[in-house]
Amino acid sequence: MLTRRPFLAKMLGLVSLQPLVSWGQDATKRLLPKNPPVWTGFGLNGGSEQARYDLTRAYVKKTSGFELSDSRAFLSLSKDLKNLLANQQKGKIEFKDKVEFGENLLLGFAHDYETTFGARFERNGESANTLFIFMAGVGLILNFDKSSGWRIVSSFPFLLRMEQPAGDLNNIKEKAVGYMADAYKSYSKAFSQMVGRFNKWDQGFSTNTFARLTKSSIHKDALEKLSAYKIQNFLNEELIGFSTNAALCNNLDIPLLPFQENDALGKRYAVKFSDDLSAQSAQISIPEADLKFEIVLRFVDKQVTVSSQKGVNIVRRKVVIRLIVMDYQETFINVLASSTGEDRMPLNTTEDDTPERDIVFFDRLIDQTLNNLLMGMVTKNESQLASVEVKLSSLAPAIPRLLKLCANTR
């Protein structure tokens, strides 16, 4: 989110490395269930009255007549999810009405976050009004203990980004509600794929090493730029946090505890699932994380160049992120990574140069930077890291430690 190029040139790619001692506990303790987890349905994290569920609230009301707080609100969705999981994840999930405490794990799907906006954007090679819907959720595998109640055994966050034609850009939320049936179908398919990756009940779950994104923040200089572009309310700490959480899970191939928001989830995660099982009204304990991540949006910039020769306006956007990685003792990675993207619009146009278009490109750049940084570390790919202005040599001493901790979480 600036103009300090000499300063950034020195900072990019720098890594703070601590002595490689005490790499965390080996994942020798594993929970080995006798049977697959029992499906407990779909639910919301937190109260149904929260503004972040406005699209789902309107969709449920429109299609079923139920308020979001009604236990019947997600009956149809949960039924569709059950059928999808029964077909795609056969043998990995049980479906029954009663849970045997101490014997069964539970599998649930918690919805965390949603938002929408519209922008003029390229579709099929031409500028068109486009609707964007973002939905962030997490799959939860839970265990019950009489002394502590329900506790997370494993969890896997993901983020759905969906694009649809918008017509005009009026009444965007109303248009988004009209697409929510399609959005939830895509959302459910994404969840099922994540279940396939992370519900490895027959191999057991780590019980003594957990990973979590504990903080998402925006540097004050970046926030000033976002405010100048009029996108600070959308491209905020919450969206960046959910996006980062999904990128960590996907690229590092590790389960992550639910994102700890700035308004403090604390050690409890409140989800009311749709199916009538024993976890219905219980809060869920979140274990302490041994592997912790923080993300900082450090810098953004946008420069427009008028090219009469090419007949276009060239827009170059840049982002810099800081990724911090800690174990239970210390910070062992503190790295800046950067990406630049080019966007072309008709010469001297102002119609397409909107805050919403900036949202699209900055979001994509942040995601691209994270993906290349994380995958570059995992594969020790020098060119991939170089694409985000990070030197492999500066990260190399810390990568084995990261990979060992990641392996211990699985």
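The values are calculated or read from the model by the stated rules, or taken from the named source; none is laboratory data. Since we're looking at a predicted model, the values are computed, not measured. Note that each Cβ is placed from the backbone with ideal geometry, even for glycine, and that neighbours are counted across all protein chains shown. Keep in mind that these areas ignore ligands, DNA and RNA; they rest on the heavy atoms of the full protein, side chains included. Shrake-Rupley method; radii C 1.70, N 1.55, O 1.52, S 1.80 Å.
Return the only residue of 44, 14, 85 being at pLDDT below 90, crowded, with 17+ Cβ neighbours inside 10 Å and under 26 Å from the mean Cα position of the chain (by Cα).
44
Scan segment 327-357 for residues that are crowded, with 19+ Cβ neighbours inside 10 Å, modelled with pLDDT of 95 or more and closer than 23 Å to residue 299 by Cβ and report the count.
Of the residues in that region, 6 qualify.
Only one of (1) open to solvent by 40 Å² or more (accessible area, probe 1.4 Å); (2) modelled with pLDDT of 95 or more is not met by residue 323, so which one is it?
(1)
Do we have residue 306 as farther than 21 Å from residue 246 by Cβ, part of a strand (DSSP E or B), aliphatic (A, V, I, L, M) and open to solvent by 40 Å² or more (accessible area, probe 1.4 Å) here?
Criteria met by residue 306.
Is there any pair linking a residue in segment 342-361 that is closer than 19 Å to residue 311 by Cα and of a type in the set (D, E, K, R) to one that is assigned to a helix (DSSP H, G or I) and open to solvent by less than 40 Å² (accessible area, probe 1.4 Å), with Cβ under 7 Å and at least six apart or on different chains, and which?
Correct list of pairs: 343/361.
Are any residues in segment 310-320 open to solvent by less than 10 Å² (accessible area, probe 1.4 Å) and not in a strand (DSSP E or B), and if so, which ones?
Passing the criteria: none in range.
Restricting attention to segment 193-213, which residues are of a type in the set (Phe, Trp, Tyr) and part of a helix (DSSP H, G or I)?
198, 201
Could you list all residues from segment 116-138 that are polar (S, T, N, Q) and modelled with pLDDT of 95 or more?
116
So which of 384, 329 ends up being out of contact with any strand residue (DSSP E or B) (no Cβ under 9 Å at 6 or more places or on another chain) and either assigned to a helix (DSSP H, G or I) or within 30 Å of residue 164 (Cα to Cα) (or both)? Spell out how you get there, then give the answer.
Working: 329 fails: either assigned to a helix (DSSP H, G or I) or within 30 Å of residue 164 (Cα to Cα) (or both).
The conditions single out 384.
Quick check on my filter: what residues within segment 47-82 are open to solvent by less than 80 Å² (accessible area, probe 1.4 Å) and among the hydrophobic types (A, V, I, L, M, F, W, C)?
51, 55, 58, 60, 66, 68, 73, 74, 77, 81
Can you tell me how many residues in segment 134-163 are part of a strand (DSSP E or B), more than 16 Å from the chain's Cα centre (by Cα) and either of a type in the set (S, T, N, Q) or within 23 Å of residue 364 (Cα to Cα) (or both)?
So the count comes out to 2.
Within the set of pairs 6+ apart or on separate chains, which have a first residue in segment 161-175 that is among the β-branched types (Val, Ile, Thr), a second that is modelled with pLDDT of 90 or more and surrounded by 14 or more Cβ atoms within 10 Å (Cβ to Cβ), and C-beta atoms under 8 Å apart?
Pairs that qualify, where the first residue is among the β-branched types (Val, Ile, Thr) and the partner is modelled with pLDDT of 90 or more and surrounded by 14 or more Cβ atoms within 10 Å (Cβ to Cβ), are 172/116; 172/117; 172/118; 172/131.
Any chance segment 164-180 includes a residue that's open to solvent by less than 70 Å² (accessible area, probe 1.4 Å), assigned to a strand (DSSP E or B) and in contact with a helix residue (DSSP H, G or I) (Cβ under 9 Å, 6 or more places away or on another chain)?
yes
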